[in-house]
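Engineer: Sharing a structure below in structure tokens format, with a few things to ask.
The values are calculated or read from the model by the stated rules, or taken from the named source; none is laboratory data. Treat the numbers as computed from the prediction; the structure is a model and nothing was measured. Neighbour counts are summed over all protein chains in view; Cβ atoms, including those assigned to glycine, are modelled from backbone coordinates with ideal geometry.
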Amino acid sequence: MTTAKPTGRKHPISWGFWSLLAWLRLIMVGAKVGRGLRSLGPILLRIEPDWRGRIVIGDNVTLLPYVDFRLRDEGQIVLGNGVYLETMARLVVANRATLTIGAESQIGMGSILNAGDDIRIGDYVAIAAHCSLIASEHAYFDTTEMIKYQGYIHAPITIEDNVWLAASVLVRPGVTIGSGAVIGVQSVVHRDIPTNVVAVGNPAKPIKQRTQ
């Protein structure tokens, strides 16, 4: 994470109906919610009822309509100050994993963060629409067994500070994307990406350094 201490966006509006409803629903499932939560529509909460306190939300977080939180197997979600989740962003956590989104980061419309293992997203990260960060994949090596019954392979994903994932990027299990990197539209990231490069393609490969 950066050494800066961002305080999050200061929302110019007071409590509205959806913000109050989202706050109440989150509090009822034991979430820890900071100041200035703003919701612009209904949210979806799919959390087993006895797993209280596994959502932590910082100050001045914005939730657009139909943001979808799914927790099971003692998973945890931590949202930093000023996080912005766009419409239909889906956050799925299982297997005692933790999904962390750093301060002032934004998750685009319809993006899916599937944390079968830890996913850590740094500060000031921009993830565009319809991206997928998948820390779990089906095992498929046994040709005598149906794939759907072979379980999953899990590995953590790290997105360091100040990264931009353009639309429809797929990040696979075990990947680290270095700070300041830019990943081009529809790229598939199979391996680690260095800091401050532009990477594109399937598999995503650096094509140039970022320049001022």
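Engineer: Quick check: is even one residue across the range 135-156 at negative phi, touching a Leu at 6+ places or on another chain (Cβ under 7 Å) and outside any loop (DSSP other than H, G, I, E, B)? Don't jump to the end; show me each part of the working.
Structural biologist: From the range 135-156, those at negative phi are 135-150, 152-156; that's our starting set.
Applying the additional criterion that residues be touching a Leu at 6+ places or on another chain (Cβ under 7 Å) yields none.
Scanning the range 135-156, I find no residue that is at negative phi, touching a Leu at 6+ places or on another chain (Cβ under 7 Å) and outside any loop (DSSP other than H, G, I, E, B), so the answer is no.
Engineer: Ok, one more. Restricting attention to the range 35-58, which residues are closer than 22 Å to Asp118 by Cβ, at pLDDT 95 or above and in a loop (DSSP other than H, G, I, E, B)?
Structural biologist: If the condition is that a residue be closer than 22 Å to Asp118 by Cβ, at pLDDT 95 or above and in a loop (DSSP other than H, G, I, E, B), then Gly58 is the only one that fits.
Engineer: What's the total number of residues in the range 179-195 that are in contact with a strand residue (DSSP E or B) (Cβ under 6 Å, 6 or more places away or on another chain) and either buried (at least 17 other Cβ atoms within 10 Å of the Cβ) or not acidic (Asp, Glu) (or both)?
Structural biologist: Total meeting the criteria: 8.
Engineer: Sort out which residues of the range 59-84 are assigned to a loop (DSSP other than H, G, I, E, B) and either buried (at least 18 other Cβ atoms within 10 Å of the Cβ) or hydrophobic (A, V, I, L, M, F, W, C) (or both), and write them in order of number.
Structural biologist: If the condition is that a residue be assigned to a loop (DSSP other than H, G, I, E, B) and either buried (at least 18 other Cβ atoms within 10 Å of the Cβ) or hydrophobic (A, V, I, L, M, F, W, C) (or both), then Asp59, Asn60, Val61, Leu64, Val67, Gly75, Gly80, Asn81, Gly82, Val83 are the ones that fit.
Engineer: Taking the residues in the range 98-115 that are small (Gly, Ala, Ser) and touching a residue at least 40 places away in the same chain (Cβ under 8 Å) as candidates, determine which candidate is farthest from Ser168 (Cα to Cα).
Structural biologist: Ranking the qualifying residues of the range 98-115, first place goes to Ala103.
Engineer: Against the condition modelled with pLDDT of 95 or more, surrounded by fewer than 19 Cβ atoms within 10 Å (Cβ to Cβ) and either among the hydroxyl-bearing types (Ser, Thr, Tyr) or under 24 Å from Ala166 (Cβ atoms) (or both), how does Thr98 come out, does it pass?
Structural biologist: Here the answer is yes, as Thr98 does meet what is asked.
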